[in-house]
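The values are calculated or read from the model by the stated rules, or taken from the named source; none is laboratory data. Worth saying up front: this structure is predicted, and the values here are computed from it rather than measured. Every residue, glycine as well, gets a Cβ built from its backbone with ideal geometry; the counts of neighbours run over all protein chains shown.
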Amino acid sequence: MKDMTARLNAESLRARLAGPNPPRLLDVRTPGEFATSHIAGSYNVPLDMLREHRDELRNHLNEEVVLICRSGARAGQAEQALADAGFRNTRVLEGGVMAWEAAGAPLNRSEKQRWDLERQVRLVAGSIVLTGVLGSLVVPGLQWVSAFVGGGLVFASLTNTCAMGMMLSKLPYNRGATCSLDQVVSQLAGDRR
């Protein structure tokens, strides 16, 4: 994996965006998260689409690319996927949209707010654990479901992946107004600087 020099903080990104050769911004969150709020000028290329079509995307990204997500974790995974495809001119917005907003930088917001993927995972995992523990009072052994979910969360933390998050990202709630790879590529090609 690339070292931390490939990270860019919010202040540095703001300065680069105001400069003569601003980087391309790819937001790898779900379409639902992107629709709720995003940095102006960014393109939504969900992480699963980026992984699946990284070779095609690489052919349309000649300039520096800054990858964005909620906190930086998914953007780091996107950076690795693009690096594996031979693309080296990427950076990750350190702390993601949360750090961008905390720095007082502007976000385009929708009136319709959606829960971000991490919050959804906490709700689902917490609900399963609580149900398993309380249900074990009636059905002996049900607490093992809670143990399984806890183990999955530990694994997710150690590997910086989340199977539950990947499953939730496929739900219609998170899909929002999706666009095809062809639409993304035509937008990238049409916006050459």
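Answer with yes or no whether A105 is modelled with pLDDT of 90 or more and either under 27 Å from A156 (Cβ atoms) or not basic (K, R) (or both). It would help to see each step written out before you state the result.
Working: modelled with pLDDT of 90 or more: yes; either under 27 Å from A156 (Cβ atoms) or not basic (K, R) (or both): yes.
Taking the combined requirement at face value, the residue satisfies it.
I'd like the residue in the range 89-105 that is in a helix (DSSP H, G or I) and not charged (D, E, K, R) and, out of all such residues, is nearest to A75 (Cα to Cα). Even if it seems obvious, please write down each step before you answer.
Taking the range 89-105 as the starting set, the residues that turn out to be in a helix (DSSP H, G or I) are 96-102.
Cutting the leftovers down to not charged (D, E, K, R) gives us 96-100, 102.
Numbers: G96: 8, V97: 11, M98: 13, A99: 13, W100: 14, A102: 18 Å.
Here the residue is G96.
May I ask you to verify whether A103 is closer than 25 Å to R14 by Cα and surrounded by fewer than 16 Cβ atoms within 10 Å (Cβ to Cβ)?
On the way: closer than 25 Å to R14 by Cα: yes; surrounded by fewer than 16 Cβ atoms within 10 Å (Cβ to Cβ): yes.
Judged against the criteria, A103 is a match.
Residue count for the range 128-158 satisfying the condition of being more than 24 Å from A73 (Cβ to Cβ), among the aliphatic types (A, V, I, L, M) and either crowded, with 16+ Cβ neighbours inside 10 Å or touching a residue at least 24 places away in the same chain (Cβ under 8 Å) (or both): 1. Taking the condition touching a residue at least 12 places away in the same chain (Cβ under 8 Å), out of contact with any Leu (no Cβ under 8 Å at 6 or more places or on another chain) and either surrounded by 14 or more Cβ atoms within 10 Å (Cβ to Cβ) or farther than 22 Å from A156 by Cβ (or both), does G96 pass? Spelling it out, G96 is indeed touching a residue at least 12 places away in the same chain (Cβ under 8 Å), out of contact with any Leu (no Cβ under 8 Å at 6 or more places or on another chain) and either surrounded by 14 or more Cβ atoms within 10 Å (Cβ to Cβ) or farther than 22 Å from A156 by Cβ (or both).
Could you list, in sequence order, the residues of the range 69-88 that are outside any helix (DSSP H, G or I) and among the hydrophobic types (A, V, I, L, M, F, W, C)? Passing the criteria: C69, A85, F87.
Applying the set (1) out of contact with any strand residue (DSSP E or B) (no Cβ under 8 Å at 6 or more places or on another chain); (2) assigned to a loop (DSSP other than H, G, I, E, B); (3) under 19 Å from P23 (Cα atoms) to R114 leaves exactly one unmet item: (3).
In the set (1) closer than 15 Å to F34 by Cα; (2) under 13 Å from the mean Cα position of the chain (by Cα), the condition left unmet by E111 is number (2). Contact annotation: residue pairs with Cβ atoms under 6 Å, 6 or more positions apart or on different chains, pairing a residue in the range 40-67 that is over 20 Å from R14 (Cα atoms) and in the same structural domain as L26 (by TED's automatic domain parsing) with a partner that is assigned to a loop (DSSP other than H, G, I, E, B) and polar (S, T, N, Q), are P46/T30.
Is it the case that some residue within the range 123-133 is under 30 Å from S146 (Cα atoms) and among the polar types (S, T, N, Q)? Scanning the range 123-133, I find at least one residue that is under 30 Å from S146 (Cα atoms) and among the polar types (S, T, N, Q), so the answer is yes.
Of all the residues that make up the range 50-95, how many are of a type in the set (S, T, N, Q) and more than 23 Å from N21 (Cβ to Cβ)? Count: 3.
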